[in-house]
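The values are calculated or read from the model by the stated rules, or taken from the named source; none is laboratory data. Please read all numbers here as calculations on a predicted model, not as lab measurements. Here Cβ is always computed from backbone atoms with ideal geometry, including for glycine, and neighbour counts include all displayed protein chains. Accessible surface areas use protein heavy atoms only, side chains included; no ligands, DNA or RNA. Shrake-Rupley method; radii C 1.70, N 1.55, O 1.52, S 1.80 Å.
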Amino acid sequence: MPAAEKPPAPTDLRAFIEALRPDALSRGVSPRTFAAAFSGVTTADPDVLARTRRQGEFARPVWEYLVGAVSPGRIARGQAQAARLAPTLAAIEARFGVPRWIVLAFWGVESDFGASAGTVPTVRALATLAQAGFRGTLFRDELLAALTILERGDIAPSGMKGSWAGAMGQVQFLPSSFLAHAVDFDGDGHRDIWGSQADALASIANYLKSLGWNPALSWGYAVTLPPGFDLTAYRADLSDFARRGVRRTDNAPLPPSGNASLFLPGGLGGPVFLITDNFEVVRAYNTSDSYALAVGHLADRLAGGPSLVAPWPSDAARLDKAGLQALQTGLSARKLYAGEPDGRAGPKLREAVRRYQIEQGLPADGYATPALLEHLKHRP
């Protein structure tokens, strides 16, 4: 076979599994563990394949996502867990330097405090995604990591369950994240993110610490802007924003220092935030802006903070995926946006929109709208 030619991918799941065996054995997975992991796994999971075509945190507007993620019921359940687990949370906070409220918020958004940790068998889900080639080799690598976890004995194959995409347990770690960051905080000899609340919470904190969480700052702050605020200077030190009249909505002072940038996820007139470097730490757990905002706002509400006051533009026209792709393509032609047009309104698009708005003398809120797309289309 020529060097550049690759063997054809197996079209049958069992053939794919057998082709995986040499790599698994080379990583120290025993034949016994391999056989136990794939016992009964004979066909791909059609529900998993269907889910690859939809992801709520990317498809829905941020305000709709927040309705479910930061509901009154979830806030009440989280505050009850905070009281019940206060000694454990204090010990985790002391060891890892991550506030209990942010740890609880991740736990709440990921699994509703352990109540909805997922029932999909992880090995079958990962094998389905890997055999389909979804996201390249990512899920093949995660499948091999899952087999390594089984070999180490932290969980039995029957207990290794989670989401359709292979995220596991109360914290929804992918297997590679488990291997790197899971913690045996209750000291029973197993890193158990499925059944141990202490292990689950400590694992979240350890992961955030490894990502660079700064204990001196929050994820961000809900703020109000003074009249006539210059949106072109949207990235500065927190002290500079305070000097320019930006105020927290809870009336507490902004920290004296720290990098921050303005985030207007619903455009001018909607809620306004100053997000810190910790916001990017949250996004490293899940790259959706809606997800990161939900975690941050839930943490604030669990700590007793107020709800958002400014209204969302829920009745305004918004861009669908095709519209966002068209906007990305147009901004790319102006050398303002780099990368493939994926139809997602993330930080790259937000930055490109701001640069275009500044270039055109428009209010630089970074918010992608149908009106902005029309504006772009009619500019030479």
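Some points to look at:
- Within region 110-125, the residues that satisfy the criterion of being among the small types (Gly, Ala, Ser) and open to solvent by less than 10 Å² (accessible area, probe 1.4 Å) are Ser111, Ala125.
- Selection count where residues are assigned to a helix (DSSP H, G or I) and either under 20 Å from the mean Cα position of the chain (by Cα) or of a type in the set (Lys, Arg) (or both), scope region 129-140: 4
- Residues that are within 22 Å of Pro363 (Cβ to Cβ), touching a residue at least 40 places away in the same chain (Cβ under 8 Å) and in a loop (DSSP other than H, G, I, E, B), drawn from region 228-260: Leu231, Thr232, Tyr234, Thr249
- Listing of helices (runs of 4 or more DSSP H) fully contained in region 261-380 that carry 1 or more residues being within 30 Å of Ile204 (Cα to Cα): 277-285, 289-302, 347-360
- Of the residues Gly323, Gly366, Gly330, Gly305, the single one that is out of contact with any Leu (no Cβ under 9 Å at 6 or more places or on another chain) and either small (Gly, Ala, Ser) or without any contact (Cβ under 8 Å) to a residue 12 or more places away in the chain (or both) is Gly305.
Conditions (1) touching a residue at least 24 places away in the same chain (Cβ under 8 Å); (2) among the acidic types (Asp, Glu); (3) out of contact with any His (no Cβ under 9 Å at 6 or more places or on another chain), marked per residue:
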{"site": "Val70", "(1), (2), (3)": "yes, no, no"}
{"site": "Pro87", "(1), (2), (3)": "no, no, yes"}
{"site": "Ile102", "(1), (2), (3)": "yes, no, yes"}
{"site": "Thr137", "(1), (2), (3)": "no, no, yes"}
{"site": "Arg140", "(1), (2), (3)": "yes, no, yes"}
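- Test for Trp194: is it among the aromatic types (Phe, Trp, Tyr), in a loop (DSSP other than H, G, I, E, B) and closer than 21 Å to Ala156 by Cα: yes
- Among the criteria (1) open to solvent by 50 Å² or more (accessible area, probe 1.4 Å); (2) at pLDDT 95 or above, the one Asp315 does not fulfil is (2).
- Residue pairs meeting the criteria (Cβ under 6 Å; at least 6 apart or on separate chains; first over 15 Å from Ala146 (Cβ atoms), in region 179-193; second assigned to a loop (DSSP other than H, G, I, E, B) and not hydroxyl-bearing (Ser, Thr, Tyr)): Asp184/Arg191; His190/Asp154
- Tally of residues being modelled with pLDDT of 95 or more and farther than 21 Å from Ala233 by Cβ across region 342-369: 1
- Filtering region 271-304 to residues that are small (Gly, Ala, Ser) and either crowded, with 22+ Cβ neighbours inside 10 Å or touching a helix residue (DSSP H, G or I) at 6+ places or on another chain (Cβ under 8 Å) (or both) leaves Ser288, Ser290, Ala292, Ala294, Gly296, Ala299, Ala303.
Residues checked against (1) open to solvent by less than 20 Å² (accessible area, probe 1.4 Å); (2) farther than 30 Å from Arg355 by Cα:
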| position | (1), (2) |
| --- | --- |
| Ala182 | yes, yes |
| Asn206 | no, yes |
| Lys209 | no, yes |
| Pro215 | no, yes |
| Trp219 | yes, no |
| Asp237 | no, no |
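- Count of residues meeting criterion [open to solvent by 20 Å² or more (accessible area, probe 1.4 Å) and either in a helix (DSSP H, G or I) or basic (Lys, Arg) (or both)] in region 97-109: 3
- The C-beta contact set for region 200-227 (first residue of a type in the set (Asp, Glu), second residue at pLDDT below 95, distance under 8 angstrom, 6+ apart or interchain) is empty.
- Put simply, of Thr128, Thr137, Thr88 the only residue that is polar (S, T, N, Q), surrounded by 22 or more Cβ atoms within 10 Å (Cβ to Cβ) and out of contact with any Gly (no Cβ under 7 Å at 6 or more places or on another chain) is Thr128.
- Restricting region 53-79 to residues that are open to solvent by 60 Å² or more (accessible area, probe 1.4 Å) and part of a loop (DSSP other than H, G, I, E, B), the residue that is modelled with the lowest pLDDT is Arg54.
- Hey, Ala82 assigned to a helix (DSSP H, G or I), within 25 Å of Gln197 (Cβ to Cβ), open to solvent by 40 Å² or more (accessible area, probe 1.4 Å) and at pLDDT 95 or above or not: no
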